[in-house]
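Since the structure comes first, as structure tokens, the remarks are kept for the end.
Bear in mind that the values in this text are calculations on the coordinates, not laboratory data. The shown structure was predicted, so the numbers you read here are calculated from the model rather than taken from an experiment. Here the Cβ positions follow ideal geometry from the backbone for every residue, glycine too, while neighbour counts run over all protein chains shown.
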Amino acid sequence: MGRLDFLYRMDLPHRAVSVYIYLYDRANKNGECWPAIPTIAKELKLSQSTVRRALHDLRKAGLISTEQRYREKGGKSSLLYKIQKK
């Protein structure tokens, strides 16, 4: 049994499966990563809107959580993605 078998058994669109595997691959030992949406889109060859829909699918399924990060001067930075343990 593989580490991601649960993912393949879920009723998720292919966009969500692709983005989850991308985030899983880039996560640190705490299950956290922070790639920008344009970076995810470029590397997966998806549109940014498709990536946003996939992230929504993953949050709704309880597979990830997101937290907005901020720069020292208060401007928004990239999101922090946390892989939820299944």
* Scan the range 11-46 for residues that are surrounded by 14 or more Cβ atoms within 10 Å (Cβ to Cβ), closer than 20 Å to K60 by Cβ and among the hydrophobic types (A, V, I, L, M, F, W, C) and jot them down. => L12, A16, V17, V19, L23, A27, C33, I37, I40, A41, L44, L46
* Test: L55 is on the phi < 0 side of the Ramachandran plot and surrounded by 17 or more Cβ atoms within 10 Å (Cβ to Cβ) -> yes
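Hey, could you check the range 30-86 for residues that are hydroxyl-bearing (S, T, Y) and not in a helix (DSSP H, G or I) and say which is farthest from L7 (Cα to Cα)?
Looking at the filtered set, the residue picked out is Y70.
Quick check on my filter: what residues within the range 1-40 are among the hydrophobic types (A, V, I, L, M, F, W, C) and in contact with a strand residue (DSSP E or B) (Cβ under 7 Å, 6 or more places away or on another chain)?
So the first thing to find is which residues in the range 1-40 are among the hydrophobic types (A, V, I, L, M, F, W, C), and the list is 1, 4, 6-7, 10, 12, 16-17, 19, 21, 23, 27, 33-34, 36-37, 40.
L23, A27, C33, W34, A36 - these are the residues of the range 1-40 that are among the hydrophobic types (A, V, I, L, M, F, W, C) and in contact with a strand residue (DSSP E or B) (Cβ under 7 Å, 6 or more places away or on another chain).
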* For the range 1-24, name all the residues that are over 18 Å from E67 (Cα atoms) and either within 10 Å of the chain's Cα centre (by Cα) or outside any helix (DSSP H, G or I) (or both). => M1, G2, R3, L4, M10, D11, L12, P13, A16, V17, S18, I21
* Structure fact -> In the range 65-82, anything under 12 Å from W34 (Cβ atoms) and surrounded by 10 or more Cβ atoms within 10 Å (Cβ to Cβ) is listed as T66, E67, R69, S77, S78, L79, L80, Y81, K82
